[in-house]
1. What shape does the range 45-99 have by the C-alpha gyration tensor, where a ≥ b ≥ c are the square roots of the eigenvalues, rounded means a/c under 1.5, and otherwise prolate means a/b greater than b/c and oblate the rest?
2. Count charges around ALA294 for me, please; just the other residues with Cβ under 13 Å from its Cβ, Lys/Arg as +1, Asp/Glu as -1.
3. If the chain between ALA54 and SER143 were fully stretched, how many nm would it gain, using 0.36 nm times the residue separation less the Cα-Cα distance?
4. So what J values fall out for the range 55-63 if you push phi through Karplus, 6.51 cos²θ - 1.76 cosθ + 1.60 with θ = phi - 60°, rounded to Hz, Gly and Pro as x?
5. Separation between the GLU109 and ASP44 pseudo-spin-labels, each 7 Å from Cα along Cα→Cβ, expressed in nm?
6. Using θ = phi - 60° and the Karplus form 6.51 cos²θ - 1.76 cosθ + 1.60, what ³J(HN,Hα) does each residue of the range 143-149 get, whole Hz, x for Gly and Pro?
7. Excluding ARG85 itself, what net charge comes from residues whose Cβ is under 9 Å from its Cβ, given Lys and Arg +1 and Asp and Glu -1?
8. Give me the distance in nm between label points sitting 7 Å out from Cα along the Cα-to-Cβ direction at ARG214 and THR124, one decimal.
Amino acid sequence: MPRSLLILAALFPVLVGHASSQETLRWKFNAGDELRYAVVQTTDLALTSPGGGAETKTRQAMDLVWKVESVDGEGAARVKCEVERVQMTLEASGGQSFEFDTDSPEPPEGLAALVAPAFKQLVTDGFTATFSADGELSDVEASADLLQAVSNLPGGGGSAGAEALRQLAAPATQPLPAEPVAAGGAWTHTSGNAAVAMMGKVLFETKYTYAEQRDVDGKPLAVLTPAFTVTTGPDAAAPQSGKVEARGAEGELLFDAEAGRLASSDVTQKMGIELTVGGSTVSGDIAQQTVVTADEKCEPLVTEGAAAATSAE
């Protein structure tokens, strides 16, 4: 047998084993666990209409803790989601702006008064849900006051309270494949997006690819990269009708397979929108960056010494 074939034969088991090496990605829970996440979302919106243009920049920071109450035989956990703090800032064309912080004793004013009831109730009550081993949230339960408050959030498109809560907490989860996956393998997950909920039924289908395993501070982490598509449909409860176009996603998510939890993520989704308002067509671009970090708290967004909320008319 030629030398080259002997070498190939010797290496064949290694090559095949490497090519087919698969990893089971699962969230792992134990009763009494506490999983802390800092979630910061930045949304840049630029609109163009026959009457001119407008730009808005919103930042929202949330300190969230999953407290595991119990775990069933399939690894799904019943968790209490406790939100310790919510901060939000907005800067818009025309001088409109506000700063809001649930930690501030000052009463919210102006635009901030529209979001304050929901976020304050969220910090006061929290909610419970089932968190499956493949990263799905379901069976959300909350007080009647909280469900009503989050249903009334501006731009929410009238989302039912339980669904609105699920979307608020979704960045601190990560959908995982049902089967073991090898490098280069992919799976899809369908969800909504609160940033465009005002436009009707908007569904995001995200394709996650297991890109590689990377050593981070001596710990092997699974690197996941996202790509997404969007479908839209009418919704009688939505204040506007329109279309949303996916324009790409950048970034990555790091999942700790050994610990069974999300380590961090930094993903930006870009979208184009077109909606009809008062008989006129408005088009625009949205860029939404979501940064999630485990075992951290969010840095202050609101300037030190400022009131809880300010608004310029």
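Readers should treat all values here as calculations from the given coordinates under stated rules, not as data from a laboratory. Note that the coordinates shown come from a computational prediction; the quantities given were computed from them, not determined experimentally. Cβ atoms come from the backbone with ideal geometry, glycine included; neighbour counts cover every protein chain shown.
1. Numbers: a/c = 8.19, a/b = 2.75, b/c = 2.98.
Judged from the Cα gyration tensor, the range 45-99 comes out oblate (a/c at least 1.5, b/c at or above a/b).
2. Details: positive: ARG36, LYS219, ARG261, LYS297; negative: ASP33, GLU34, ASP63, ASP217, ASP256, ASP266, ASP295, GLU296.
Local net charge: -4.
3. On the way: separation 89, 0.36 × 89 = 32.04 nm, distance 3.72 nm.
The ALA54-SER143 span can extend by a further 28.3 nm.
4. Residue by residue, the range 55-63 yields 10, 9, 10, 10, 10, 9, 10, 9, 9 Hz.
5. 3.1
6. Couplings: 5, 4, 5, 5, 4, 5, 5 Hz.
7. Working: positive: LYS297; negative: ASP63, GLU84, ASP101, ASP103.
Taking every Cβ under 9 Å from that of ARG85, the sum is -3.
8. So the two model labels end up 4.2 nm from each other.
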